[in-house]
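The values are calculated or read from the model by the stated rules, or taken from the named source; none is laboratory data. It should be emphasised that the depicted structure is a prediction, and the values quoted were computed from it without experimental measurement. Methodologically, a virtual Cβ is constructed for each residue, glycine included, from the backbone with ideal geometry; neighbour enumeration extends over all protein chains shown.
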Amino acid sequence: MNGPVLVMGVVNVTPDSFSDGGRFFGTDAAVAHGLQLLRDGADVLDVGGEATNPKVVPVSAEIELARILPVIEQLVAAGANVSVDTTKAAVARAAVAAGARWINDVSGGLFDPDMVGAIPVGTTYICGHLRGRSLAEVFSSENAAVTWQEVAKELGDRLADLPSHVRATAWLDPGLGFGKGADPTTNLELLRHAGDLEAAVGRPVMVGPSRKRFLRRWRGVPHTSAPSAPSDMTEAALDQATVEACFEAISAGAKMVRVHNVALLNTALTAYNKS
């Protein structure tokens, strides 16, 4: 390991998440889940109100805000370090006003050009990599080959368009699965070059392999009849594969990993650090 790594816990306030099938949809359930992730050792809680898998229907900023603002407010009041997972500038602004200190934008500003002006001083921006101006465009071009060098170049170009106060504290996300499909080779290359990506662009790297499609092919996890609500056995297998993918990235120099099962990852990290 290359020093301590931050763990970002996922709080999906959506009815159509690919990973948990809406298990934590609703304010009370989402807040309780976030507090449990904190107890499990999460450093940051990433709260999102719009799913980003290939089958979802986009929602308005108003719907997204109605889902996440009460959750963010309660988690901030409980002392959590909160991130908002959104591609919309209006949502980012409102979430920051509610106490969020991170903006996790998987589109890197491509979906909403106003995002550039929605990041105030003191807020950390996570600039994600994908190609396209909407999720439909992103997932329609998944057969294009993507190398870590291309990702570094494109993320560097996006950072160059951001204000200096944003660039100074920004993080990079290579966008596993976003336009990279379920091909393990492409996604694992990005994990295994996390440190090279940081060196090339000059900013720390966060990766989010948790329960992604490529893990199924990499570790032979079968598909279920209802992918949006995986069985306990399938979820456990994906979580174990997630831990392995996180270790690939951390060993290569990633500084933060975004996961659904914080407890499992932290148990593995503790065991590794003691060995």
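Table for the structure above
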{"quantity": "Helices (runs of 4 or more DSSP H) wholly inside region 82-170 that include at least 2 residues being of a type in the set (A, V, I, L, M) and modelled with pLDDT of 95 or more", "calculated": "89-97, 148-160"}
{"quantity": "Condition met for Val71 (in contact (Cβ under 8 Å) with a residue 60 or more places away in the chain, assigned to a helix (DSSP H, G or I) and touching a Gly at 6+ places or on another chain (Cβ under 8 Å))", "calculated": "yes"}
{"quantity": "Lone qualifier among Ile72, Ile63 - being closer than 24 Å to Gly132 by Cβ and at pLDDT 95 or above", "calculated": "Ile63"}
{"quantity": "Identity of the residue in region 25-60, in a loop (DSSP other than H, G, I, E, B) and aliphatic (A, V, I, L, M), that ends up surrounded by the most Cβ atoms within 10 Å (Cβ to Cβ)", "calculated": "Ala42"}
{"quantity": "Selection from region 111-155 of residues that are buried (at least 21 other Cβ atoms within 10 Å of the Cβ) and of a type in the set (Phe, Trp, Tyr)", "calculated": "Phe111, Tyr125"}
{"quantity": "Complete set of residues in region 68-96 that are among the β-branched types (Val, Ile, Thr) and more than 18 Å from Val10 (Cβ to Cβ)", "calculated": "Val96"}
{"quantity": "Every residue from region 175-207 that is more than 22 Å from Ala136 (Cα to Cα) and at pLDDT below 95", "calculated": "Thr185"}
{"quantity": "Selection count, region 171-185, where residues are touching a helix residue (DSSP H, G or I) at 6+ places or on another chain (Cβ under 8 Å) and surrounded by fewer than 23 Cβ atoms within 10 Å (Cβ to Cβ)", "calculated": "5"}
{"quantity": "Search result, residues across region 97-110 that are surrounded by fewer than 23 Cβ atoms within 10 Å (Cβ to Cβ) and either more than 19 Å from Val10 (Cβ to Cβ) or of a type in the set (Ser, Thr, Tyr) (or both)", "calculated": "Ala97, Gly109, Leu110"}
